[in-house]
Amino acid sequence: MVISKEELNVLFKECQLNKYSDPSFVLSKLSAIADDLIIHVERSHDIRRVFSNLLKDAIQGEIDSISSHQKANIDNVHRQMILYSLDLLCRYLLVLEHLITGNDQQHLGSPAKKQKKSNQTCQIDWYINERDEILLLFTNFIKLDLRQFWHETERLEDQQIGTTIVDVCLTIIRNNQFSSRARTVKDYLSFILAVTIGQFRSEEETSMKMIQMLQIQEHTATIFSAIIVCHVKHFRTDTLLERIINDICHLCLSFSGVQLSTPISSSRSNTSVANAQSETNSSRTMAKLLDELSIHISDHLIIYINRLLDLFDSDCLQMRNCLLNVCVNIIRYCSSLPEYKELRGELFFLIIDQYFLDSNVHVRSHAIGLCMNLVEAKLIPIKFYCHLTQATIERMNDTSCIVRKHAIQLATKLLKFNPYTDRFLPIDTMLDEYNTEMNKLVQLQKLLGQTLKLENVPIDIDKITDNDKENDLDNQHLLFERVVEQQQRVCAMYSADESLASFEHYNAEMSKLMQLQSRLNTCLAININNDVVDDEEPTEKAKRLFDNMVKQSKLVTYLHNATDFCNHLRRFLAKDAFYLLSSKVTSDVLEIIDFLVLWSTFECQSNIYKKLEKHLFSLIWSNDKNISNAVINAFKRICLKIDEESTDEKISSKRIIEKLLDQIDLNLTLTFEHILKQLLGESTSTSMNFFSFIEVLVEYYLKLTTESSKKHVPDEFFKQIQQRQNSFLQLISFVIPHDTKHRLSSRLPSIIQSLIHQMNRNSLDYFHYQMQIITNLLTIKSFHEIPSEFYDLMIKRLSDSPVESSNHQSWVNCMKQIFNIVYLREPTHLSSNDFIMKFLRHLSDELNWPLENCDYQAKLTDASWRTKLIRLLASVNAFLSHQVQKYESTSLSSIKKIKKEKPHVTPNEDENDIESETSSSVSRQLFDDEDEENPHPDDNHEKDNHSMQQQHSDLSHLEQELFQSNSLFFSIDKWMESFIHEDHSLYDENLVLTSILTCTRMMYVSPGLCAKNVDRIFEIAKLCPYSSVRSALIVSLGDLLLRHPNIIEPFTPQFYAQIHDKDLNVGETALCTIAILILREMIKVRGYISEIALCLFHSHTPISSIAQHFFDELSLRQRGMALFNVLPDIISRLSMNTICSKDSFQQIISHLFSYIKNDRHCEILVKRLCRQFKQACGDDRKRGNIAFCLSKLNIKTLASYRILKENFPNVTETNGQTEDDYDEEEHLAWKKYLMPVLTDIERRLKPMEINSSRRVSTPTTPKRKLDRLS
C-alpha cells in the first residue's frame, strides 16, 4: 500500500479546506490516489464517511461551476474534472454494491447473534441509502450537457469512461431485483444509462450486453425498456432501439432455426432440454421488453414493424402475444393519423386472418380479447366490421372453451358498439333500402352523362392506361363509360335470393369504382380550366352531380356493409346459437345468454329469435345454478324491462303485468310458471316489485270477477285485461301459491257467486281458468264451503255446451277442474264418487249407452255423437285417474306410518325409499342388512309385506267395484275390446287418442285387461297413423311398466324400438320416457341401452341432447359403476348392429369412453375387451371395433398394460411357434389389430417402467392362467 492512513487523513483535512472554494483541487487530489483510496474506503467505515462527504460536496461544486461557466478557455479544465468525477463516482458505486451484496450473503449464511444481526442490518441500510444518494448525484451530474466540452474528433478517445459507467449500472441492475418501492432507483439507473449511451455513442456495445442480460435475468426487461424509452425521448434518435430490435429478431430467429434443424428423438439429453428451456425463458423476457416498448413508444416501432413481424412464427407463446400487443398499440396510435391508414388496415388483417387461427389456444383468445378492447374504444374502421364479425363467428366453433367464450363476448361487443343501427330491420326492408339507394346512384350517373353529352359512347372500350393523355375529351368519354360499367358490375352483386357478395369481393370492386370516379373528377377539372365555354352552367351542374355521385357511392357501400353485418349475425343465430345453448360447457351457455339478451334489444320479432328465446327460457330447468340464475336475469331484462328508477309502484306493476301476459301467450306454461316461482323466491328489489305487483293483480282480478274492488282502477288498462282475460286468469292461478297474505282466500264465496251469475255469459275457457284459481285456493288455505248450486250449475254448463270439435279441449280442461274441486270439497248432499258417477251416467244416457244392439260405426259418422263419446271416454279416464291416485296415496301413507313405528331406525333409512312399488325391493334389502341390530326383523317384514299387499288389494278392490257385470265401465271395456282392433286410420284422431288413453288407464287398474290387450297396444304404438297417439301411448306404457312389470317386460324390445319412430317428436318422447325411468331406477337396464347410445349423434338436436344428458347423469350414479357395467354390452350390440356404421361406432365409443376416468375400471374393461376379442374369431368388423375401443381407453397404469400384454400371444425366438393355444391365423389377427394399440401404449408410458414391469412378470403360460383364474 503506497499511502498510509495518516497521510490519507492529512489529505482529507487539506481537501476539507478547499472543497467549497476549489472543488477542482479536491477532485484532482482524490483522483491522483484513487486506487489506494478505494482500498481504504472499502475497509474502513470512518474513511468511507469522510470520503463520501468530500466527494458529494466536490462534485456538487463542480456541477455549479459547469452550470455557471460556459467559456471555451476552460474547456480543458472542465473536461478533466468531468472525467475525474465520473471515475470516482463509478469506483465508489462499485464499492457500495460490493458491500451490500457481501453483507447480504454473510447475513444469510452465518447464524450470528441478534445484536450482531441488528448492526449488520443498520450497516446495510446505510449502504443502500448512500448508494441512492450517489445515484441521485450521478443523475444530476450526467444531466448536464457534457458534450460541449469535447470536439467531434475527440469523442472517440473517451469511450472507456462511458463503458465503465455502463458496466457499473448493469452490475447494479444484475445484483438487485428492484421492487415497486425502489422506483426512484430504477429511474436513476435508467436515466444514467440512457444519457451515457447517447453521449458516449456506445449503442452497439451496450445493446449486446443488454441482450445477454435479458437471456439470463427476466426482471431486467422492465428497467431496460425504461432505458430505451428514455434514450429515444431524450436524444430524439432510434439508434439504440434499432440495435435492440435487430438483436432480438436475430436471436429469436436463430433459436427457431436451431429447433427446426435439430431432430426430435426420445433420448434427448438433459443439456439440450435445459438449453431449450433457457431459450424459452429468454424469448419470454424479450417479449416482455417489446411489450413495454409498444406501450410507451409505439410511434417509433412503426418503422420496424416489418422486422418484428418476422417473429410471427416464433415458438414462444409470449412472443406471439407480445406481437399482438405491439400491433394493437400501433393501431391505437395510428387511429387519428390518416397517413397510416393502410398500415392500420394491414395490421387488422394480420390479427384477424392469422392470429385468430393461431395454433395456440392462448394466442387465439388473446387476439380476440384485444379486438374486444378495440371495439369498445371504437377503433375498428367500418369497412372491417363485417370481416371481423365473420372471423368471430367462425371462432365460436373453436375446440377450446376459452376461445369460444371470448368469441361470444366479442360478438356481443360488436353488436353493442356497431356503427350501423340500434335496431335491425327485416331483411327484406334492408335489401329494399339498399336497392333504392343503388338505383339513385345509377340515376345520378345517367344525369351526369346527359349533362356532359356522353350518352352515345360505345360499350366496347379498352382499358385506359395512365400514359394515355393524347385527347382529354376522349379520355373523359372513356372514363365515364368505365365508371358506368364498373357501377353496373357493383349493382350486379345484388341478387334476388337475398344474398350479397363477400365483403372482400365487394370492397375490391367498390375501390375500383372510387378510383375511376376520382380520376374522372380530375379530368373534368382539367377540361373546365382549359375549355372556354360561354355558358358554364352545364359544367357546374356536372361538378355538383359528380360530388353527389361520390356521396351516394359511400352511402351504398355503407348500406351494403350494414346488411352484410346483419346477415352474418342472423346466420349465426339460425345455425350455431342452438348448439351453444345446448353446450355442456357452462361458459358457452352463459355467454350466449348475454348475447341473446342484447340481441333482443335489436330484433325480437323474428321467428328464429322466438325459437331461441323459448330454448333459452327452458334452461331454467338446468341443474347448474349459474345457468338457472342467468336465465332468470335474462327473463328480467328481456321480458319485464322494469324501470327501477321509477318510484311509482303502480306504474311498474302495470308494466310487469303487461310483460307477463305477453309471455303467457307463448304457451310456455310450465317453464313460465317455474321462472315466476324463482323470481318470487328471490329476496331482491325486483322481487319486492313483484310482491307489490301481486296486490295490483288481485285488485284487477276482483274488478274483473266480482266488480267490487275497493280502489278505483283506470279504465284503459282494465280494457286491455278484458281483451286478454284468459291469459290474465292464468297468471292469477300462477301467482296464488306465492301470495303470502292470502288476499283471495277470504273472497272465495263472492268469487263463486259471481261465477254462478255469469254461468251462461262466458266461454268454457273462462270457467276453466276460474276453476283452476278456485282449485289453487282450496289447495292452499280456505275453509269456506262450496254451495251445491255451484256443482249442479257447472255440470249443467258442461252438459249443455255446444258440440263442436274446436271446443273439445276446452271442455276436457273444464271437466278435469270440476273433478279436482269435487275431490277437494265434497258436495254436502252426495259423495264425490256418487256425484261424478251421476255425471257419467248422464253422459252415457245421451249416447244411449251401452251399444250392444246397434252398430257404433254408423253412429261415429255423426259428428255430435262422436264428440259426446269422446267426452264420455275423457271423463272416464279422469275419474279412473283420481281413483287410482286416491288409493295409491292411501297405501303410501300407511307404508310411511308403518315405517315410522319401527324401532331402531337408522339415519340411512329415508322415507323416499318407499315411494313406489318398484323401490320396495331396495328398502327390503336395507332391512336385511340391519337384521343384527333389529330385535324383531320378522315382524317388520310382515308389516312391509302386509302394506304392499294392501296396496295391491286396494286396486283389486277398485277393479271389482268398477268392472262389475252390467256396469258402465264393463260396457266401455267391451266396446274398447272391439275398437282397439279396428283400422284407426278410418276414425277421428281425437277419438282414437281418447279411446286408447282410456284403455291404458283401465289396463292400469286391471291386470287381466293389461294381459289381454297388451299385444294390441304395442301394435298400435308402432302402426297407428297418428303421431300424437303414438307419443301419448309411450307415456302410458311407461306407467304400465311400473304397475305391471311382469306383463310388460317381455315387450321391452318393442318399447325401446319406439326411439327410432319415423316421427322425430315421437322418438324424442320415447327417449325421454325411457331415460327418466332408468335414471329414477324404476326400471333396470336390460341390455337395450345401446338404442340410447345410437341417439348420441342423432341429426335431430333435441334427441341427441337428451341422450347426452342421460349418459352424463348415468356416469355420476354409483361412482361411475352404472355406466361402466353397461359398456361391454353397448360395444357388443353396436358391433353387431347393421344400423351403426363404422364412423358412428367410433364417434359413440369416443364419447362414452370420455367418462371412464377410474384406473380400476380401465383395467377391468381391458380384460373384458380382450375376452371379447378372443370370442370374435373370424369376425373382422367386431375385432376392428374392439381394437378401436382399446385404443381409445386412457390407459395410464402399468396394470392395464400388463393385462393387455399377458393376453397377447407369445412367440419363441427359435422356431417362431406360439407358446399359447393360438394358431397362426389367430396370431396374425392379434398382431394386425392390437399391435398398433400396444405400441401406442408403450410410447405413452415411461420406457423405464415398462422395462421394469417386463422383468417383474415372467410371460409363462401357466402363470398367466393362474392370474386369469384369480
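The values are calculated or read from the model by the stated rules, or taken from the named source; none is laboratory data. Note that this is a predicted model, so its numbers are computed, not measured. A quick note on method: Cβ atoms are made from the backbone with ideal geometry, for glycine too, and the neighbour counts reach across all protein chains shown. Just the protein is used for accessible areas: all its heavy atoms, side chains included, with ligands, DNA and RNA removed. Shrake-Rupley method; radii C 1.70, N 1.55, O 1.52, S 1.80 Å.
Here is the link list: Lys838/Lys1022; Lys610/Lys1157; Lys614/Lys719; Lys636/Lys1062; Lys378/Lys554; Lys233/Lys378. Which ones come out longer than 31 Å on Cα distance?
Beyond 31 Å between Cα atoms: Lys838/Lys1022; Lys610/Lys1157; Lys636/Lys1062.
Sorted by average packing, counted as other Cβ atoms within 10 angstrom per residue and highest first, what order do 623-633, 324-334 take?
Order by mean packing, descending: 324-334, 623-633.
I'd like to check one number: the per residue accessible area of region 323-376, probe 1.4 Å, reported in Å² as a whole number.
Per residue, region 323-376 has an accessible area of 41 Å².
Which order do peptides 810-821, 369-380 fall in by mean Cβ count within 10 Å, highest first?
810-821, 369-380
When only C-alpha pairs under 8 Å and at least 6 residues apart count, what is the relative contact order of region 569-642, in percent?
30
By the gyration tensor of its Cα atoms, with a ≥ b ≥ c the square roots of the eigenvalues, what is the shape of region 971-1091: rounded for a/c under 1.5, prolate for a/b over b/c, or oblate?
oblate
To the nearest Å, what is the center-to-center distance of region 1071-1092 and region 1023-1040, using C-alpha atoms only?
With region 1071-1092 and region 1023-1040 each reduced to a Cα centre, they are spaced 17 Å.
Classify region 182-256 as rounded, prolate or oblate from the Cα gyration tensor: take a ≥ b ≥ c as the square roots of its eigenvalues, call it rounded if a/c is under 1.5, otherwise prolate when a/b beats b/c and oblate if not.
oblate
When Lys and Arg each count +1 and Asp and Glu each count -1, what net charge do the other residues less than 15 Å away from Phe572, Cβ to Cβ, add up to?
Surrounding charge for Phe572 is -1.
For region 382-446, what does the alpha-carbon gyration tensor say about shape, rounded, prolate or oblate, given a ≥ b ≥ c as the root eigenvalues, a/c under 1.5 as rounded, and a/b over b/c as prolate?
Details: a/c = 3.21, a/b = 2.71, b/c = 1.19.
Note, shape of region 382-446 comes out prolate.
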